[in-house]
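**Q** Below is the structure I would like to discuss, written out as structure tokens.
Just so it is clear, none of the values below were taken in a lab; they were calculated from the coordinates. No experiment lies behind these values; they were computed from the predicted model shown. Don't worry about glycine lacking a Cβ; one is built from the backbone with ideal geometry, like all the others, and counts go over all protein chains shown.
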Amino acid sequence: MTGSLFRRLLFWALALLAATLLAADYTLTRSPGELAPAEIRERILLIFAAWFLATFVIIFFISRAVRARIRRLKLLAESFPGGKNTGHPLVDTRDEMGSLERSLAGVAIETQKLVDNLRYESARREAILSSMTEGVLAVDRDLRITFCNRSFLRAVDFRGVRPEGRFLLEVVRDPDLREILDDVLAAGEPRKSRFRAASSARIFEAQAAPLEMPTGRGAIAILRDITDLERLEQVRKDFVANVSHEFRTPLSGIIGYADTLLDGALEDAANNRRFVEIIRANAVRLSNIAADLLILSELESGADAETDLISIRGVIESALTTVAAEAKARGVNLIREEVENLFVNGARLRLEQAILNLLANAIKFNRPGGEVRIRAARGGEGRVMIRIADTGIGILSQDLPRIFERFYRVDKARSREVGGTGLGLSIVKHVIERMNGAIQVESQFGRGTVFTVSLPAADQDSQISG
């Protein structure tokens, strides 16, 4: 058997031809007188008929074998990428068809390895992009979306299905983002910009760069939500401005009256003492602001880690005693309602200061003959509820979300008149949150305000009966 399909076919053809020629030669030359011409023709026809039959049989079996080999090659080709699981073992032959089949199988296996690597890389890329908090967007030269991750869809508040293939304006109706991508596509250079999303009013920082694609130049953009950073930056600016303003007012008073005394008012017996008292009052105000800022700094840094078992009844009684004189001076009635003997865990001094600030505000921003009521009771889910209600001037609804901000004053003129620093409620919120609690406020302008403090109750085993 030869090592080539062509040689094999040639061998069978030559063998069949030789057999035919030998049969014809035997018929024509070895018995010329024994057979009539008609019998010779008949034998020659039989020889050629046998030749045709043998040829047909050989061609049939060869074609069937070739057809089977071609079918295996087809199955192998259709299994690309792969080639490992065709269901048919490779035939160990040494002809061209066997060599082709082995070559295709090797190519299929290598292709499968490449596809597996690409799938792994694609899955890893998808996992990375999906887990990114930044939004990622890729578009082609026609601003048609080719890829975007979930963070981008959340950022633009897209609620449809399959944004890929859509035009950018179908998904994001934001001219600023379109302008950034247009500039990148036109100039072919990276660009960085900030814009406010029209759909969500959030602020994004976009970094866009060219992206080479099979269809031409595209663009890729990464969107980072900097709304919180911008808000913090604005809070910082406001804080610096507010601190400067709060310090400037008393400092101006101190400097002004000190200059007046130095210019000769020291000899003015009628006014010199009043000027000194004004200087002292402004100095006390500066000291109070500085002290409150230090308290806020300690609360935010977590430096005050003291934890005790605190009696709510004891804290409320101490705070009521402290503000009793001021309430009497302003004609405000302090009413102590039911105060259960409850306990919480935390810093007693800080909690007492928070309750004291709430009571002081309720008294300062009340009217003569008004009331301040306080009660403490057990709430649901193991909580202690402290409620402080007043009949004062109340708070406008637009001011409620901001009353816990530093230096925010609802009534600026009255706050300075009663000696407030603008930090009291901010300290209250920090103290309550440090104790894993929450504070809520309800108010009707002109009718009064109610603050409700919720704190986790101490474990029953650690409570002291009173």
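**Q** Mind listing the phi-derived Karplus ³J(HN,Hα) values for segment 10-15, rounded to whole Hz, using 6.51, -1.76 and 1.60 with θ = phi - 60°, and x for any glycine or proline?
**A** 4, 4, 5, 5, 5, 5
**Q** What is the distance, in nm, between label points placed 7 Å from the Cα along the Cα-to-Cβ direction at residue 248 and at residue 60?
**A** Spacing of the two 7 Å Cα→Cβ label points: 11.1 nm.
**Q** When you have a sec, figure out the Kirkwood radius of segment 308-462 from all distinct Cα pair distances and drop it here in Å to one decimal? Present the calculation step by step, with values, prior to reporting the outcome.
**A** Numbers: mean 1/r = 0.0639 Å⁻¹.
Value: 15.7 Å, from the Cα pair sum.
**Q** Let me ask you something else. In debye, nearest 20, what is the charge dipole magnitude of segment 231-301 about its Cα centre with +1 on Lys and Arg Cβ and -1 on Asp and Glu Cβ, if you could check?
**A** 140 debye
**Q** How high is the FRET efficiency from residue 141 to residue 162, r the C-beta distance, R0 22 Å, rounded to 0.05? Each step should come with its number before you reach the end.
**A** Values: r = 21 Å, r/R0 = 0.94.
With a Förster radius of 22 Å, E is 0.60.
**Q** Follow-up question, since we're still on this one. In terms of the Cα gyration tensor, with a ≥ b ≥ c the square roots of its eigenvalues, is segment 132-225 rounded because a/c is under 1.5, prolate because a/b exceeds b/c, or oblate? Don't skip to the answer; put the middle values down first.
**A** Details: a/c = 1.68, a/b = 1.22, b/c = 1.37.
Cα axes put segment 132-225 in the oblate bin.
**Q** So between residue 445 and residue 230, what do we pick up on full extension, going 0.36 nm a residue minus the alpha carbon distance?
**A** Result: 74.2 nm gained on full extension.
**Q** Now a separate question. Using a basic spin-label model with each label point 7 Å from the Cα along Cα→Cβ, how many nm lie between residue 296 and residue 176?
**A** 2.8 nm
**Q** Something else about it: Need one word for segment 309-373: rounded, prolate or oblate. Basis is the Cα gyration tensor (sqrt eigenvalues a ≥ b ≥ c); a/c below 1.5 gives rounded, then a/b vs b/c decides.
**A** prolate
**Q** Would you please give the residues with an amide H less than 5 Å from that of residue 213, counting only those at least 5 places away or on a separate chain, with H modeled from the backbone geometry?
**A** Residues meeting the criterion, in which the H sits 1.01 Å from N, are 218.
**Q** So, one more: In a shell of Cβ-Cβ distance under 11 Å around residue 327, excluding residue 327 itself, what net charge do Lys and Arg (+1) and Asp and Glu (-1) give? Mind showing how you got there, number by number?
**A** On the way: positive: 328, 330, 364; negative: 326, 371, 390.
Net of charged neighbours comes to 0.
**Q** Treating the beta-carbon of each Lys and Arg as +1 and of each Asp and Glu as -1, no other charges, what is the dipole magnitude of segment 308-462 about its Cα centre, to the nearest 20 debye? Display every interim value, and only then the final one.
**A** Details: 22 positive and 18 negative charges, 120 e Å.
Its charge dipole is roughly 580 debye.
**Q** Cα gyration tensor of segment 231-301, axes a ≥ b ≥ c as square roots of the eigenvalues: rounded (a/c below 1.5), prolate (a/b > b/c) or oblate?
**A** Details: a/c = 5.47, a/b = 2.51, b/c = 2.18.
Prolate, since a/c reaches 1.5 and a/b exceeds b/c.
**Q** Taking the dipole about the Cα centre of segment 239-295, with the C-beta of Lys and Arg at +1 and of Asp and Glu at -1, give me whichever of 278, 289, 247 is farthest to the positive side.
**A** The Cα lying farthest towards the positive end belongs to 289.
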